[in-house]
């Protein structure tokens, strides 16, 4: 009788442990979908670490400089010779001009907000002689406007973007930025 009880207890323990692990795996997959990280499953370990690092820097840069109009982060993240190419606004070729362009968002008649399209971020490491020296981050984002008259926030455009991140003294810096394929929603 005691052997049957022990076997039954062991069987239940194994079953419950497997169910818990399966639930945790499903939750992890669900969280990845919620945060738009499904593409990470195809990355190698190096690429995975790089993906998270650059996505964090990219998100921080846009959240602070674009959404909160705090351009101080650009001093840290941009190379001195940063170039920014916009399919509708032209190009800038210096850090000063790039930062001034971002500061210009504060002069708009509405509050601009940028939002990353979930699941659109991809990162591609670049090597020379086996050494990582740069990476390309690309994704899609949507832009919104909130007017001061309590009108609901609305979508103004969507676009694709590509950023060349380079290693400068062991720090990741934005070197070239391309913002393109801007589309205005059909209202």
| task | Could you grab the relative contact order for segment 68-134? Cα pairs under 8 Å, six or more apart, rounded to a whole percent. | result | 22 percent
| said: Considering the Cα positions of segment 108-187, please state its Rg to one decimal place and its Dmax as a whole number of Å. | reply: 16.6, 57
| request: Return a whole-number percent for the relative contact order of segment 44-183, with Cα pairs under 8 Å and 6 or more residues apart as the contact set. | output: 23 percent
| Over segment 108-159, what relative contact order in percent results from Cα pairs under 8 Å that are six or more residues apart? | 37 percent
| Which three extents, in whole angstrom, do the alpha-carbon atoms of segment 44-183 cover along their principal axes, largest first? | 56, 32, 24
| message | If I model a spin label as a point 7 Å beyond the Cα along the Cα-Cβ vector, how far apart are those points for residue 70 and residue 138 in nm? | response | 3.2 nm
| message | Give me 62, 143, 84 sorted ascending by neighbouring Cβ count inside 10 Å, so fewest comes first. | response | 143, 62, 84
| said: For the pair residue 87/residue 112, report the inter-label distance in nm, with labels modelled 7 Å from Cα in the Cβ direction. | reply: 1.7 nm
| query | To the nearest 0.05, what FRET efficiency results for residue 126 and residue 155 with a Förster distance of 41 Å applied to their C-beta separation? | reply | 0.75
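Bear in mind these aren't lab numbers, they're just calculated from the coordinates by the rules spelled out. Every value quoted in this text rests on a predicted model; they were computed, and no experiment measured them. Here the Cβ is made from the backbone with ideal geometry for all residues, glycine too, and neighbour counts use every protein chain on show.
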